[in-house]
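Reviewing the structure listed below.
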Amino acid sequence: MTELKLAKNQEDALDNSPSLLGDDQFHGAAPGTRPTLTTGGQPAFFSCWEIHAYYGESYVVQGVSFDVREGEIVALLGRNGAGKTSTLRTIARVDDPALKSGELWLDHKPLHEMKAFKAAQSGIGLVPEDRRIIQGLTVEENLKLAQIAPPVGWSIERIYDLFPRLAERRTQEGTTLSGGEQQMLAIGRTLARDVKLLLLDEPYEGLAPVIVQEIERTLDQIKSLGMTTIIVEQNAIAALHLADRAIILDMGQVVFDGKSQEVLDNAELRQQYLAI
Ligand SMILES: Nc1ncnc2c1ncn2[C@@H]1O[C@H](COP(=O)(O)OP(=O)(O)O)[C@@H](O)[C@H]1O
Ligand SMILES: [Mg+2]
């Protein structure tokens, strides 16, 4: 039996659930039960509870629940179309997909009551898959623009210390950077704001292995600074090496919540839900 972080009421819920996944996998919170995965009755630093979200009529996030502790890195994994991006977008409170029910808490603040702008001000830092570097602005202008509205996070110099390549290209137009450098800029721009929860959507996508390694090293540094992070990656093995914990989504639902090492050790689980 693997070690799982389940509240007593969730263990009870598991007893009544179909055994399709085996008894060592997490099925998400049962309706009406609230995950309290941290000890001592303290709410987790970040918590989503039974969130349901839709693109129009299309029901994509189907009752997702999980917690993240302060300083923890969680890999959110699953096949293409499993609902990873939609879950991150729901957490960031962008309009689509629309959150219909459930709760989202970050550092005691109710994100579920906020729009994207307020959620960002409260510390959500989404680095979207397409990076969205602003055209016509230099690297430095892209970074400075992120600091226009308070609360301000890292200084520009600190971001350059983390990404020396950005310092070298500070006067270059952001959209003319290589894919890897644009990813660095997208992460740097997010850190320029006061981020409490960093959401990375496929940061390694489309990048050469040597650049992936460079960004991995940077994410390791960010991790050592204690930044709470959720990373979505198709490159699951790389994400599992970085993350403490893994959550696997399938068809908009949580099918596993446990230690990264458990996923690395469980070929059957990887084959079934990650196709690796
Ligand atoms: N803008 C959208 N409108 C309608 N359906 C969408 C939209 N974006 C994604 N979907 C659907 O939502 C589901 C989850 O997609 P997504 O969250 O992008 O998955 P993942 O990031 O895990 O690949 C898929 O079935 C996808 O087709
Ligand atoms: Mg995606």
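The values are calculated or read from the model by the stated rules, or taken from the named source; none is laboratory data. Since the structure is predicted, the reported quantities are computational estimates derived from the model, not experimental observations. Reconstructed Cβ throughout: ideal geometry from the backbone, glycine too, with neighbour counts over all protein chains shown.
General remarks:
- Test result for residue 149, of a type outside the set (S, T, N, Q), surrounded by fewer than 20 Cβ atoms within 10 Å (Cβ to Cβ) and touching a residue at least 12 places away in the same chain (Cβ under 8 Å): yes
- Residue in segment 118-132 that is among the aliphatic types (A, V, I, L, M) and near ligand 1 (Cβ under 9 Å from one of its atoms) present: no
- The residue of segment 182-211 that is nearest to ligand 2 (Cβ to nearest atom), among those that are surrounded by fewer than 19 Cβ atoms within 10 Å (Cβ to Cβ) and within 16 Å of residue 237 (Cβ to Cβ), is 205.
- Residue under evaluation residue 241, criteria (1) in contact with a strand residue (DSSP E or B) (Cβ under 8 Å, 6 or more places away or on another chain); (2) under 28 Å from residue 107 (Cβ atoms), criterion not met: (1)
- Residues located in segment 218-228, provided they are part of a loop (DSSP other than H, G, I, E, B) and either more than 17 Å from residue 46 (Cα to Cα) or in contact with a Cys (Cβ under 8 Å, 6 or more places away or on another chain) (or both): 225
- Selection within segment 216-234 - buried (at least 20 other Cβ atoms within 10 Å of the Cβ) and either in contact with a Phe, Trp or Tyr (Cβ under 8 Å, 6 or more places away or on another chain) or within 15 Å of residue 85 (Cα to Cα) (or both): 228, 229, 230, 231, 232, 233
- Taken across segment 128-139, residues that are outside the structural domain of residue 238 (by TED's automatic domain parsing), among the β-branched types (Val, Ile, Thr) and part of a strand (DSSP E or B) do occur, with at least one present.
- Listed by position, the helices (runs of 4 or more DSSP H) enclosed by segment 229-276 that each have at least 3 residues that are within 26 Å of residue 195 (Cβ to Cβ) and not polar (S, T, N, Q) are 236-242.
- Selected residue (only one of 138, 85, 175, 90 is within 16 Å of ligand 2 (Cβ to nearest atom) and touching a Gly at 6+ places or on another chain (Cβ under 9 Å)): 90
- Checked against the criterion of being modelled with pLDDT of 95 or more, part of a loop (DSSP other than H, G, I, E, B) and surrounded by 17 or more Cβ atoms within 10 Å (Cβ to Cβ), the candidates 75, 82 yield just one match: 82.
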